[in-house]
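Here the structure comes first, spelled out in structure tokens, and everything after it is commentary.
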Amino acid sequence: MEFVSYINSFVHITLSDGFYYVGKIINADEQGINLIDKTGKKVFISNKSVATIREVSFNGR
């Protein structure tokens, strides 16, 4: 999947294990995604772990 187009967007990412993150993507490359989640923590997600990604409004809906 190509995630560069989502930089600076608020997204809902579902992982292959069913867990999910909601946050703003601050960087993306061939290895993974860096985002700030809704609690303010920086998170790195490997590209291989992403099942789905979709843009959401700021409040996560």
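Taken together, the values in this text are just the output of simple stated rules run on the coordinates, not laboratory data. If you're wondering where the values come from, they're calculated on a predicted model, not measured in any experiment. Cβ: placed from backbone, ideal geometry, glycine included. Neighbour counts: every protein chain shown.
Any residue that is of a type in the set (Ser, Thr, Tyr) and surrounded by 15 or more Cβ atoms within 10 Å (Cβ to Cβ) - is there at least one of those in segment 32-45?
Of all residues in segment 32-45, those of a type in the set (Ser, Thr, Tyr) come to 39.
Applying the additional criterion that residues be surrounded by 15 or more Cβ atoms within 10 Å (Cβ to Cβ) yields none.
Within segment 32-45 (the criterion being of a type in the set (Ser, Thr, Tyr) and surrounded by 15 or more Cβ atoms within 10 Å (Cβ to Cβ)), the answer is no, since none of the residues qualifies.
Against the condition in contact with a strand residue (DSSP E or B) (Cβ under 6 Å, 6 or more places away or on another chain) and surrounded by fewer than 16 Cβ atoms within 10 Å (Cβ to Cβ), how does Val4 come out, does it pass? Walk me through how you get there before you give the answer.
Values: in contact with a strand residue (DSSP E or B) (Cβ under 6 Å, 6 or more places away or on another chain): yes; surrounded by fewer than 16 Cβ atoms within 10 Å (Cβ to Cβ): yes.
When the stated conditions are applied, Val4 passes them.
For segment 32-52, what are the residues that are hydroxyl-bearing (Ser, Thr, Tyr) and touching a Ser or Thr at 6+ places or on another chain (Cβ under 8 Å)?
Going residue by residue through segment 32-52, those that are hydroxyl-bearing (Ser, Thr, Tyr) are 39, 46, 49, 52.
Ser49, Thr52 - these are the residues of segment 32-52 that are hydroxyl-bearing (Ser, Thr, Tyr) and touching a Ser or Thr at 6+ places or on another chain (Cβ under 8 Å).
Out of segment 1-20, which residues are assigned to a loop (DSSP other than H, G, I, E, B) and not polar (S, T, N, Q)? Give the derivation first.
Step one: of segment 1-20, the residues assigned to a loop (DSSP other than H, G, I, E, B) are 1-3, 7-9, 16-19.
Once the filter is applied, which keeps residues that are assigned to a loop (DSSP other than H, G, I, E, B) and not polar (S, T, N, Q), segment 1-20 yields Met1, Glu2, Phe3, Ile7, Asp17, Gly18, Phe19.
Would you call Thr52 in a loop (DSSP other than H, G, I, E, B), out of contact with any Cys (no Cβ under 8 Å at 6 or more places or on another chain) and of a type in the set (Ser, Thr, Tyr)?
Values: in a loop (DSSP other than H, G, I, E, B): no; out of contact with any Cys (no Cβ under 8 Å at 6 or more places or on another chain): yes; of a type in the set (Ser, Thr, Tyr): yes.
It is false that Thr52 is in a loop (DSSP other than H, G, I, E, B), out of contact with any Cys (no Cβ under 8 Å at 6 or more places or on another chain) and of a type in the set (Ser, Thr, Tyr).
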